[in-house]
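The values are calculated or read from the model by the stated rules, or taken from the named source; none is laboratory data. Here the structure is a predicted model, which is why all the values come from computation and not from measurement. We place every Cβ from the backbone using ideal geometry, glycine too, and count neighbours over all the protein chains shown. With ligands, DNA and RNA removed, areas are computed over all heavy atoms of the protein, side chains included. Shrake-Rupley method; radii C 1.70, N 1.55, O 1.52, S 1.80 Å.
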Amino acid sequence: MGRRDNSWAGMGSALLLAVAATVVLSGCGTFSGSLKSDDTLTAGLTAPSVIAPTIEGEGGRVVTSEPVATAGDEPALLTASDDELTLGEQPLTLPADLFDGGSALAQKAQDTADMPEEEYDPWESFNEKMFAFNRGVDTWVFKPAARAYMFVMPEPWQVLISNGFDNINFVPRLVNSLLQGKWEGAGRELARFLINSTAGIGGLFDPAKDFWGIHKSREDFGQTLGVWGNGPGPYLVLPFMEPLTVRDGIGKFVDGAMDPLSYVLPFIFDRLAMKIGDAINERALNYDLFQGFEESVIDMYSAVRHGYLQRRQQLIRE
């Protein structure tokens, strides 16, 4: 674990140096193994007083070809049937997959390989402080702003604004689909951009989805790094940003460099204002969702961390 901490600590330092640029490029949303060997059998049989037996089949039961010494004076016969093993008169429970030709063990290995990685959070103390700070910003700044925004901006207009931002940011999704070899996803992104930019009046409407059923891909450079075999690294929470891992933080920085707005609006304050506007619009669209989540969850930090890491792992596997 030491080497892992050192390597990711270096990447974490590099990421922290790029925080200011990442905030501008990424927005201001606050929320927006191998199978271990099973030694049960050997642990139950291996002892100084036990002679290793040879197990043979006999009439549907398994017996030893020679007696097994026990703690007493009389030898005991080791017998087994289905998933029950008996040493003398003492029953020992064995896994049923011992006698099924190994298929259950193979399935167990596959299930273990598909299990999500352990939630790696070595900076938990720092992250919890930043998470509490972001929640405070959301409670006292974004939530009131979203409430006021909802009063003056009807929901249909919020959807149009969200569609416009989404259409502008098609470039990172297109490029990352290509980098991951997802040619169908890249084709969908190109088709959506052409259709929505014309028939959708600059992307304010989404006829590509509504009339042609062409849904957007969800690729980003953090996913691309994951597909290329890079681990997520430590979980990380930074001020004014949604949860991250070190890998996803690097991905956001790269995606920000592919943002067309960085070339259309080169001034940092113009782009920052647009990002804040986009964040408030999204907060308003998801106002009820956030409210329900906050009211139903006790340990908000753990729930957000678990949900984020699970979702990112699922997106990489798709």
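Going by the conditions given, is R283 of a type in the set (D, E, K, R) and surrounded by 17 or more Cβ atoms within 10 Å (Cβ to Cβ)?
So R283 fits the description; yes.
Specify the residue that is farthest from the chain's Cα centre (by Cα); the eligible residues are those in segment 118-149 that are open to solvent by 40 Å² or more (accessible area, probe 1.4 Å) and acidic (D, E).
Filtering segment 118-149 for residues that are open to solvent by 40 Å² or more (accessible area, probe 1.4 Å) and acidic (D, E), the one farthest from the chain's Cα centre (by Cα) comes out as E128.
Which one of these does L309 not meet: (1) closer than 19 Å to N167 by Cα; (2) out of contact with any helix residue (DSSP H, G or I) (no Cβ under 7 Å at 6 or more places or on another chain); (3) buried (at least 17 other Cβ atoms within 10 Å of the Cβ)?
L309 satisfies every listed condition except (1).
Criterion first (modelled with pLDDT of 95 or more and basic (K, R)) does R305 satisfy it?
For R305, the condition - modelled with pLDDT of 95 or more and basic (K, R) - is met.
Exactly one condition in (1) closer than 24 Å to V175 by Cα; (2) touching a Pro at 6+ places or on another chain (Cβ under 7 Å) is false for L272; which is it?
Going through the list (1) closer than 24 Å to V175 by Cα; (2) touching a Pro at 6+ places or on another chain (Cβ under 7 Å), L272 breaks only (2).
Kindly evaluate E184 against the criterion of being open to solvent by less than 50 Å² (accessible area, probe 1.4 Å) and assigned to a helix (DSSP H, G or I).
No; evaluated as a whole, the condition is false for this residue.
So, restricting to helices (runs of 4 or more DSSP H) that lie completely within segment 202-271, which ones have at least 2 residues that are surrounded by 14 or more Cβ atoms within 10 Å (Cβ to Cβ) and over 24 Å from the mean Cα position of the chain (by Cα)?
Of the helices (runs of 4 or more DSSP H) lying wholly inside segment 202-271, those with at least 2 residues that are surrounded by 14 or more Cβ atoms within 10 Å (Cβ to Cβ) and over 24 Å from the mean Cα position of the chain (by Cα) span 207-210, 261-264.
In segment 272-314, how many are under 24 Å from the mean Cα position of the chain (by Cα) and either aliphatic (A, V, I, L, M) or not in a helix (DSSP H, G or I) (or both)?
Of the residues in segment 272-314, 11 are under 24 Å from the mean Cα position of the chain (by Cα) and either aliphatic (A, V, I, L, M) or not in a helix (DSSP H, G or I) (or both).
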